Amino acid sequence: MESTKLFLPFFTLSLLSGLGLARHHHHQHRHLQTSKLFVFGDSYVDTGNTSPSDPNYPKTPYGVTFPGHPDGRFSNGRVLTDYVARIIGLKSPIPYRVVEKEGVEGAKDGVNFAYGGTGVFKTGYDLPTMTTQIDFLQYLIANSTFTPQDINSSFALVSVSGNDYSYYLSTNGSIKGFVPLIVRVVKQIGVNLKRIHSLGVKKISITALGPLQCVPEITSSSDFKHCNSSLALLVDFHNLLLRQAVDKLNKETNDSPFFILDLHAAFLSIIQNKGDPQGSIKFETPLKPCCYGASPGYYCGSVDEDGQKKYVLCEDPNSAFFWDEVHPTQQGWIAALTFLISTMKQHV
């Protein structure tokens, strides 16, 4: 793995430069406008809020590419937050759980409030829901960690990648109850976005729900060959309601602060084309994850009672779009950013 570690930061920087993602390729006045990044949501954006004592903490081989060991990111390396920060000319913001230790200086690029495994509502983990995560920002404003100027020049990244839905299914929720749940989830997303804006944040992005019908957790039943078409309808319904909610919020405010980062279109295109549109990144078997359980009941990172590995790991994580049952690899996120960069540049 040593050669991968050495190669990736250089490769990543080269590709990001080509995309206009490297910091020095941006207009300086935009950097001055965006002074802080605040992140809310789940494991697609968590960079270290789940602690090693949490039951869902990503253990070895997570982090094998970057930083070389598990650090709380749910991938082999960097995740969406890291690249969004780079686009707007900031370092990845510190996780909320270290704010007290790091202080105001540590939070100069913002704070990441996201916790892997969480949802808009409770999802079975004793971790902060998105409502509570927004409470944390409100607390940091109240105790003057952030000034009104800090908040006014900040950008919020909000991720909802489907934990409310997977939790519902895990509790044997009926298909009949799925549609009302989607309505409730999207309605609460709207409430959350409005609240973040009311705290003074001027630009707020929300992720579209990715194609859950194509994640390895679902496609494993077809040996990672086929997506689930009935689940696709539910995902599409969520995204339709989300677009309507964001349009309504923008009509109610003067400066159209809300926009969608379309992970759904990005992921589907990568899966269908086996890579990014430029053809610079290839994934020969895009539905097959790099890391997965060796047998039913085991997952990426699983060990048995004797500490023996119970997972399969691919030779080169760069060759896979998905890292595990639901999360992209670092390379997968880079490929997705080739789609999202134009949306980001329009709004930030």
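The values are calculated or read from the model by the stated rules, or taken from the named source; none is laboratory data. It should be emphasised that the depicted structure is a prediction, and the values quoted were computed from it without experimental measurement. Cβ placement follows ideal geometry from the backbone for every residue including glycine, while neighbour counts extend to all protein chains displayed. Note: accessible area is taken over every heavy atom of the protein model, side chains too, but ligands, DNA and RNA are not part of it. Shrake-Rupley method; radii C 1.70, N 1.55, O 1.52, S 1.80 Å.
When residues in the range 308-329 are screened for being open to solvent by 50 Å² or more (accessible area, probe 1.4 Å) and of a type outside the set (Lys, Arg), 6 of them pass. Of Ala336, Ala266, Ala232, Ala245, all but one fail to be part of a helix (DSSP H, G or I), surrounded by fewer than 18 Cβ atoms within 10 Å (Cβ to Cβ), at pLDDT 95 or above and of a type in the set (A, V, I, L, M, F, W, C); the exception is Ala232.
Among Thr81, Thr131, Thr123, which is in a loop (DSSP other than H, G, I, E, B), surrounded by 14 or more Cβ atoms within 10 Å (Cβ to Cβ) and polar (S, T, N, Q)? Talk me through it step by step, then tell me what you get.
Numbers: Thr81 fails: in a loop (DSSP other than H, G, I, E, B); Thr131 fails: in a loop (DSSP other than H, G, I, E, B).
Unique residue meeting the criteria: Thr123.
A residue that is open to solvent by less than 10 Å² (accessible area, probe 1.4 Å), over 17 Å from Gly124 (Cα atoms) and modelled with pLDDT of 95 or more can be found somewhere in the range 158-173.
Answer yes if at least one residue in the range 84-93 is open to solvent by less than 10 Å² (accessible area, probe 1.4 Å), under 22 Å from Ser144 (Cβ atoms) and not in a helix (DSSP H, G or I), and no otherwise. Within the range 84-93 (the criterion being open to solvent by less than 10 Å² (accessible area, probe 1.4 Å), under 22 Å from Ser144 (Cβ atoms) and not in a helix (DSSP H, G or I)), the answer is yes, since at least one residue qualifies.
Filter the range 174-206 down to residues that are surrounded by fewer than 23 Cβ atoms within 10 Å (Cβ to Cβ), outside any helix (DSSP H, G or I) and not charged (D, E, K, R), then give me how many there are. Of the residues in that region, 7 qualify.
Would you call Gly63 open to solvent by less than 30 Å² (accessible area, probe 1.4 Å), free of Cβ contacts under 8 Å to residues at least 40 places away in the same chain and of a type outside the set (Lys, Arg)? Spell out how you get there, then give the answer.
Details: open to solvent by less than 30 Å² (accessible area, probe 1.4 Å): yes; free of Cβ contacts under 8 Å to residues at least 40 places away in the same chain: yes; of a type outside the set (Lys, Arg): yes.
Yes: the conditions hold for Gly63.
Scanning the range 57-89 for residues that are over 11 Å from Thr47 (Cα atoms) and basic (Lys, Arg) turns up Lys59, Arg86. So is Pro257 open to solvent by less than 60 Å² (accessible area, probe 1.4 Å), under 21 Å from Cys314 (Cβ atoms), over 18 Å from the mean Cα position of the chain (by Cα) and not aliphatic (A, V, I, L, M) or not? Judged against the criteria, Pro257 is not a match.
Is at least one residue of the range 216-229 over 28 Å from Tyr299 (Cβ atoms) and open to solvent by less than 40 Å² (accessible area, probe 1.4 Å)? No - not one qualifying residue is present in the range 216-229.
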